[in-house]
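The values are calculated or read from the model by the stated rules, or taken from the named source; none is laboratory data. What you see is a predicted model; the values in this text were computed from it and never measured. Every residue, glycine among them, receives a Cβ derived from its backbone with ideal geometry; neighbour counts consider all protein chains shown.
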Amino acid sequence: MSATEHFAAQVRASARAGADVAWLNQTREQALASFEQMGLPTTRNEHWKYTAIKPIEKKAFAAVVGHVGIDDIQPFLFEGLDADRMVFVNGAYHHGLSRIASEGVRIASLAAVLADDAATVEPYLGKIADPRASGFAALNTAGLVDGAFVHVERNQAAARPLLLLFVASGNDAFAQPRNLIVADEGGSVSVIEHYVTLGQGAHFTNAVTEISVAANAEVRHYKVQQESDKAFHIATLQADQARNGRLHSYQVSLGGAIARNDVNTRLNGEGAEAEMNGLYLVDGRQHMDFHTNIEHVVPHCISRENYRGVLDGRGRGVFNGKVHVYENAVKTDSDMSNKNLLLSSNAEIDTKPELEIYNDDVKCAHGATIGQLDEVHMFYLRSRGIDPVAARSLLVFAFANEVLQTLPLEAVRTTLEKTLIARLPKADHLDELVQ
Amino acid sequence: MSSTAQELDQLIGKEYKEGFVTDIEADTFEPGLNEDVIRRLSAIKKEPEWLLEWRLEAFRHWQTMVGPDWAKLDVPPIDYQALSYYSAPKSKKDGPKSLDEVDPKLLETYEKLGIPLEERAALAGIAVDAVFDSVSVATTFKDKLNDAGVIFCSFSEAVQEHPELVKQYLGTVVPQGDNFFAALNSAVFSDGSFIYIPKGTRCPMELSTYFRINAANTGQFERTLIVADEGSYVSYLEGCTAPRRDENQLHAAVVELVALDNAQIKYSTVQNWYPGDEEGRGGIYNFVTKRAECRGVSSKVSWTQVETGSAITWKYPSCVLKGDNSVGEFYSVALSTLKQQADTGTKMVHIGKNTSSTIISKGISAMRGSNAYRGLVKVAKGADNARNYTQCDSLLMGDRCAAHTFPYMEVANPTAQVEHEATTSKISDDQMFYCTSRGISEEDAVSMIVNGFCKEVIKELPMEFAVEAQKLLGVSLEGSVG
């Protein structure tokens with residue numbers, strides 16, 4: 001059986017278990033047809049040029065039922081974070097581990113919403129993220145069953161942030177979370193997606209998150225990917241932003257054997273603003289790929305993008321940032337930066353900051369650098385009696401921390417800073433220096 | 001600046017001043033491409049057996065290939081069987097020995113272009129190996145170059161007189177099957193220039209060739225090979241203008257440069273082929289493979305180009321930096337106006353240690369022009385201390401033009417320093433206001449700002465070309481700027 005046939009059979013089975021709604025069935029069937037036609041992407045596809053997903057095809061990933069207790073998830077809850085939380089185990093909502101108490105926001109599992117109130121999500125689900133964008137997006141849509149649904153109504157602000165914890169347990173588990181975040185006019189919400197693995201097993205996560213930002217609404221979306229070094233993680237984030245709508249996207253990628261993130265937004269209303277920041281730490285034999293796409297559809301929108309990568313070991317990083325300015329989108333103001341620190345002679349980085357502009361009245365800039373630690377900085381630290389390993393770690397920390405500093409939620413930021421320090425050599429020494 | 005868009009459009013729109021056809025008898029093959037055509041072509045040129053085999057090999061490979069479709073270009077399908085693959089001016093048969101014997105109509109063509117051969121040759125001190133369609137008709141300054149030991153001749157001549165050099169280097173930088181258009185060129189290349197600079201020689205003058213495409217429906221397949229032996233230096237200028245035609249014409253050239261130890265090659269291009277009209281009718285398809293190999297230590301290759309013509313440009317002059325301490329440079333101005341499309345850029349492949357490269361690319365899009373920069377900077381694993389600096393800026397004029405940037409950076413060495421910067425903007429209202437408030441007319445202001453935008457590139461051109469390039473930019477951008 002080919003990989004395409006295997007996955008098609010998997011999603012057919014899961015779709016049967018999902019809610020039976022006419023429009024949803026149609027969406028799934030169309031997506032399945034697209035998937036069967038496209039298959040999984042190959043390196044002959046320009047968007048997958050540097051990322052070969054062959055290892056995913058070799059394993060027979062399948063839905064697995066996991067048994068997870070509160071002690072198992074405790075380490076992943078971001079110490080000091082006061083948040084609602086939804087826990088998903090191998091892609092399925094786990095009611096017992098979840099805590100939902102906030103006012104001003106509707107938080108529910110997508111499966112539950114589809115069962116009782118499918119009409120609420122009909123205008124959004126599968127409409128924001130194009131299932132034909134890639135084989136993986138099609139696969140997720142074809143097997144669309146569960147995930148998180150977050151809805152803030154007009155002029156409401158969610159009292160607390162929402163933590164979505166996706167736990168993978170057991171080997172060869174195949175999970176396809178599907179999340180939908182809707183902020184009505186003037187609404188505001190913060191959502192953290194956290195992907196983790198219990199143990200060191202290999203598993204496959206194929207996630208899609210859709211975000212609708214209505215006029216004057218604000219969505220802050222965090223994604224922390226900390227799966228095991230054997231895990232395969234593919235995720236798509238697609239947002240639509242209306243007039244003066246603001247999206248802040250923070251991506252931190254630490255785990256996975258192959259981790260691919262597509263982060264896309266469309267600025268559909270004047271005055272919309274997008275901020276996209278990201279950090280990827282690549283080590284061992286990891287392969288991390290970020291593709292971002294910001295579409296300036298209408299005039300007077302602003303986008304800011306800042307991605308940084310640290311590449312060590314035999315790791316490989318890929319960054320492809322694209323800004324697309326449409327014909328009528330005058331007064332577009334866009335800025336993109338991608339900086340990479342290459343620390344090992346076996347590591348590799350492939351970066352491509354793209355601009356596609358169909359209009360003359362724009363201000364667009366992008367920059368990319370690939371380099372090493374500054375010798376002058378090293379000298380400065382060493383002349384003050386800091387040993388070379390710690391000095392190096394300190395400089396790497398400073399480089400990466402510039403992205404973490406932009407994260408507004410303190411609990412998330414401090415936890416990630418600690419995680420970052422712990423990964424670096426001479427961590428104990430470093431802890432003293434940073435405090 | 002009032003009603004900017006329309007006025008700019010008026011400034012930018014202009015008739016192609018160099019569109020005319022010289023009516024001379026030509027020896028032309030009937031349209032079609034097969035092995036027999038290649039055999040005939042090779043026989044006419046009295047080529048040795050190995051070269052014919054080389055062409056056939058390329059042709060067989062070409063038949064298995066498909067044209068590239070990844071570029072940001074809208075290329076109408078090309079019927080390769082409808083093209084004629086050889087055209088030589090009749091007068092060649094009598095073999096002009098000096099300028100006096102050259103067909104006066106040819107000379108007239110050059111006159112109209114403002115490049116009278118004698119004058120250019122005598123006053124500017126440049127040896128011009130003029131390629132009129134496919135056969136070289138006039139060569140000057142041979143003796144002076146001979147004294148220095150420099151070989152500068154047409155490619156066909158080189159095949160006859162220096163077969164060992166041609167055989168040694170042909171296809172070593174751009175192999176026959178490198179890409180679709182290079183393979184086609186390898187099969188049917190007509191003529192071009194061949195330059196060999198011997199060891200330790202500094203070429204005593206700037207070498208120059210003028211290409212023109214004349215007869216209708218003959219694709220031009222130039223093949224240029226420049227070899228700079230150890231410690232030598234050469235500066236080569238190439239200029240292109242073509243008469244006006246309504247049908248699209250294909251130009252698929254291959255340029256190979258080889259720089260050995262401590263050698264330097266400077267290759268400059270001013271390209272002003274017919275760009276077609278406002279509706280995109282006519283114009284040249286310029287599908288060119290240009291590549292340099294810095295084979296020796298401390299060798300250097302510098303590409304400078306000013307591209308204002310052609311309906312469609314697909315061209316990526318590249319440097320393979322094999323030798324330690326070798327240097328690659330790319331300076332480019334690409335202007336797309338009317339309905340022109342350009343997908344151009346460079347590749348810098350760092351293989352040797354301590355190699356460095358600089359890329360300065362300036363794209364200007366106006367009216368309905370589309371301009372894409374596509375570049376690759378690759379640092380191989382063993383290329384310690386590689387250094388690259390890339391700057392690619394786009395200037396936009398008019399709300400229907402397009403500018404794209406696709407810079408690929410692939411780095412596999414931790415000692416590499418690679419930087420890329422790009423900006424896209426239009427001529428700002430502030431800049432225009434500053435100029436006009438000082439009594440500078442809008443046309444002059446636009447011309448001044450554009451020239452300032454391109455200055456870093458223009459200054460890299462040899463003096464004669466810099467003047468011409470500035471003139472070209474001015475002429476291409478407006479109708480009346482003095």
Review point. In segment B:401-458, what residues are closer than 30 Å to A:Gly309 by Cβ, buried (at least 19 other Cβ atoms within 10 Å of the Cβ) and of a type in the set (D, E, K, R)?
Key: B:Glu410
**Study point:** Every residue from segment A:30-48 that is in a helix (DSSP H, G or I) and either in contact (Cβ under 8 Å) with a residue 60 or more places away in the chain or buried (at least 18 other Cβ atoms within 10 Å of the Cβ) (or both)
**Key:** A:Gln30, A:Ala31, A:Leu32, A:Ser34, A:Phe35, A:Met38, A:His47, A:Trp48
Check your understanding: Right, B:Met367: modelled with pLDDT under 85 and more than 9 Å from every other protein chain (Cβ to nearest Cβ) or not?
Key -> yes
Revision key, fill the gap. Picked from segment B:33-54 (must be surrounded by 13 or more Cβ atoms within 10 Å (Cβ to Cβ) and out of contact with any Phe, Trp or Tyr (no Cβ under 8 Å at 6 or more places or on another chain)), the residue nearest to B:Ala403 (Cα to Cα) is B:Trp54
Review point. Do we find that A:Ala390 is crowded, with 18+ Cβ neighbours inside 10 Å, assigned to a helix (DSSP H, G or I), more than 8 Å from every other protein chain (Cβ to nearest Cβ) and of a type outside the set (Lys, Arg) in this structure?
Key: yes
Practice item. Within segment A:420-429, identify whether any single residue is surrounded by fewer than 21 Cβ atoms within 10 Å (Cβ to Cβ), aliphatic (A, V, I, L, M) and without any contact (Cβ under 8 Å) to a residue 24 or more places away in the chain, and answer yes or no. Key: yes
Review point. Just one of the numbered conditions (1) touching a residue at least 40 places away in the same chain (Cβ under 8 Å); (2) in a loop (DSSP other than H, G, I, E, B); (3) more than 14 Å from chain A (Cβ to nearest Cβ); (4) surrounded by fewer than 24 Cβ atoms within 10 Å (Cβ to Cβ) is not true of B:Gly309; which one?
Key: (4)
Revision key, fill the gap. Residue count, segment A:16-47, condition closer than 17 Å to A:Leu114 by Cα and under 24 Å from the mean Cα position of the chain (by Cα), comes to 2
Study note, to complete from the structure: Per the filter on segment B:446-466, residues touching a residue at least 12 places away in the same chain (Cβ under 8 Å), hydrophobic (A, V, I, L, M, F, W, C) and not in a loop (DSSP other than H, G, I, E, B) are B:Val446, B:Met448, B:Ile449, B:Val450, B:Phe453, B:Cys454, B:Val457, B:Ile458, B:Phe465
Check your understanding: With respect to the numbered conditions (1) of a type in the set (A, V, I, L, M); (2) at pLDDT below 85; (3) closer than 18 Å to B:Ser208 by Cβ, which one is the sole condition not fulfilled by B:Leu250?
Key -> (3)
**Study point:** Any chance B:Phe155 is in contact with a Gly (Cβ under 6 Å, 6 or more places away or on another chain), at pLDDT below 90 and assigned by TED's automatic domain parsing to the domain that holds B:Tyr80
**Key:** yes
**Study point:** Candidate set from segment B:392-445 (those that are charged (D, E, K, R) and assigned to a loop (DSSP other than H, G, I, E, B)); member that is nearest to the other protein chains (Cβ to nearest Cβ)
**Key:** B:Asp399
Review point. Assigned to a loop (DSSP other than H, G, I, E, B) and touching a residue at least 24 places away in the same chain (Cβ under 8 Å) - does that describe any residue in segment B:284-294?
Key: no
Review point. If you check A:Met86 against the conditions, is it touching a Ser or Thr at 6+ places or on another chain (Cβ under 7 Å), hydrophobic (A, V, I, L, M, F, W, C), at pLDDT 90 or above and in the same structural domain as A:Ala257 (by TED's automatic domain parsing)?
Key: yes
Review point. For A:Leu341, are the conditions met, namely being at pLDDT 90 or above and within 14 Å of chain B (Cβ to nearest Cβ)?
Key: yes
Exercise for review: Take A:Asp360 and decide whether it is over 30 Å from A:Lys49 (Cβ atoms), within 14 Å of chain B (Cβ to nearest Cβ) and touching a strand residue (DSSP E or B) at 6+ places or on another chain (Cβ under 8 Å).
Suggested key: yes
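This table checks each residue for (1) over 27 Å from A:His194 (Cβ atoms); (2) surrounded by fewer than 23 Cβ atoms within 10 Å (Cβ to Cβ).
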| site | (1), (2) |
| --- | --- |
| A:Asp240 | no, no |
| A:Ala259 | no, no |
| A:Glu270 | yes, yes |
| A:Met288 | no, no |
| A:Val297 | yes, yes |
| A:Gly315 | no, no |
| A:Asn328 | yes, yes |
| A:Thr332 | yes, no |
| A:Asp335 | yes, yes |
Check your understanding: Going through segment A:3-26 one residue at a time, which ones are touching a residue at least 12 places away in the same chain (Cβ under 8 Å), of a type in the set (Gly, Ala, Ser) and closer than 19 Å to A:Asp172 by Cα?
Key -> A:Ala3, A:Ala8, A:Ala13, A:Ser14
Exercise for review: With the condition kept exactly as written, say whether any residue in segment B:451-467 is at pLDDT below 85 and either touching an Asp or Glu at 6+ places or on another chain (Cβ under 6 Å) or within 14 Å of another protein chain (Cβ to nearest Cβ) (or both).
Suggested key: yes
Exercise for review: Could you check B:Gly375 against (1) more than 9 Å from chain A (Cβ to nearest Cβ); (2) more than 17 Å from A:Glu354 (Cα to Cα); (3) modelled with pLDDT of 90 or more and say which number it fails?
Suggested key: (2)
Check your understanding: What number of residues in segment B:145-163 are without any contact (Cβ under 8 Å) to a residue 40 or more places away in the chain, within 19 Å of B:Ser190 (Cα to Cα) and assigned to a helix (DSSP H, G or I)?
Key -> 2
Study note, to complete from the structure: Per the list (1) among the polar types (S, T, N, Q); (2) surrounded by fewer than 18 Cβ atoms within 10 Å (Cβ to Cβ); (3) not in a helix (DSSP H, G or I), residue check on A:Thr51 breaks on (2)
Point to revise | Residue that is nearest to the chain's Cα centre (by Cα), among those in segment A:344-357 that are in a loop (DSSP other than H, G, I, E, B), surrounded by fewer than 24 Cβ atoms within 10 Å (Cβ to Cβ) and at the interface with chain B (Cβ under 7 Å from one of its Cβ atoms) | key: A:Ser344
Exercise for review: Only helices (runs of 4 or more DSSP H) wholly contained in segment B:32-112 count here; list those with 2 or more residues that are at pLDDT below 80.
Suggested key: B:104-112
Practice item. Identify, by number, the condition in (1) surrounded by 18 or more Cβ atoms within 10 Å (Cβ to Cβ); (2) touching a residue at least 40 places away in the same chain (Cβ under 8 Å); (3) in a helix (DSSP H, G or I) that A:Val113 doesn't meet. Key: (2)
